[in-house]
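The values are calculated or read from the model by the stated rules, or taken from the named source; none is laboratory data. All values derive from a computational prediction rather than experimental measurement. A quick note on method: Cβ atoms are made from the backbone with ideal geometry, for glycine too, and the neighbour counts reach across all protein chains shown.
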Amino acid sequence: MATVVRGVILVGHGGIPKGCPQELVTKLKRLEAQRRAAKIPPSPEELELDAKIRQWPRTRETDPYQSGLEAVAAELRANLGNVLFAVAYNEFCAPTLEESVEELIEKGATHITVTTTMFTPGGSHSEVEIPEILDHLRPQHPEVEFRYAWPFDLTLVANTLTEQIKRFS
């Protein structure tokens, strides 16, 4: 029987860092919209812009979203014990989900659970993009079991929000 090596990836949305020119983001979004409408693969120009924005230099001050997600990730990692762990972003920030999957597989992961900070139904990232990426990765890595820990139990989400509100009441 093969050894099971568990990995977890926390996926956040990703933010645009301060100092990144807005015209780069506008152009990227326009190219993405055109590609989706035409149902074609990304162009080299779109891929180059995406990589440039994702690799833009970041600090706690220029990208508070990334810092916040990393703080949540540190707590989650500590709660999970002995698992391989990575963070990924849907857009604007590196690494991508695909890159984080490859990282965990290189470290020996045989079972990867993906979860997201996007709790509510109706979002294209959580409902469409993440499942599509995992569907694309499964045939590339048939030796790895992928699970997507979504949708969230909305009662648990409401309970967490209730506790947060009580802290400020």
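Below, the figures for the structure above:
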{"quantity": "Residues being surrounded by fewer than 15 Cβ atoms within 10 Å (Cβ to Cβ) and in a helix (DSSP H, G or I) - total across the range 28-44", "calculated": "9"}
{"quantity": "Of residues in the range 125-135 being of a type outside the set (D, E, K, R) and surrounded by 11 or more Cβ atoms within 10 Å (Cβ to Cβ), the one farthest from V83 (Cα to Cα)", "calculated": "H125"}
{"quantity": "Matching residues, the range 6-27, being surrounded by fewer than 17 Cβ atoms within 10 Å (Cβ to Cβ) and not charged (D, E, K, R)", "calculated": "G19, P21, Q22, L24, V25, T26"}
{"quantity": "Checklist (1) among the aliphatic types (A, V, I, L, M); (2) touching a strand residue (DSSP E or B) at 6+ places or on another chain (Cβ under 7 Å); (3) loosely packed, with under 11 Cβ neighbours inside 10 Å applied to A86, failing item", "calculated": "(3)"}
{"quantity": "Test set (1) at pLDDT 95 or above; (2) over 16 Å from the mean Cα position of the chain (by Cα) - V72 fails condition number", "calculated": "(2)"}
{"quantity": "Options G108, G12; residue that is under 15 Å from the mean Cα position of the chain (by Cα) and modelled with pLDDT of 95 or more", "calculated": "G12"}
{"quantity": "Conditions (1) farther than 18 Å from G15 by Cβ; (2) β-branched (V, I, T); (3) free of Cβ contacts under 8 Å to residues at least 12 places away in the same chain; number of the one not met by V83", "calculated": "(3)"}
{"quantity": "Any hit, the range 47-56, residues being over 26 Å from Q140 (Cβ atoms) and touching an Asp or Glu at 6+ places or on another chain (Cβ under 7 Å)", "calculated": "no"}
{"quantity": "The listed residue being surrounded by 12 or more Cβ atoms within 10 Å (Cβ to Cβ), out of contact with any helix residue (DSSP H, G or I) (no Cβ under 6 Å at 6 or more places or on another chain), under 27 Å from H136 (Cα atoms) and of a type in the set (S, T, Y), out of T59, T117, T3", "calculated": "T117"}
{"quantity": "Hey, K39 among the basic types (K, R) and under 27 Å from F119 (Cα atoms) or not", "calculated": "no"}
{"quantity": "Qualifying residue in the range 61-72 (condition: farther than 23 Å from G123 by Cβ, free of Cβ contacts under 8 Å to residues at least 12 places away in the same chain and not polar (S, T, N, Q))", "calculated": "no"}
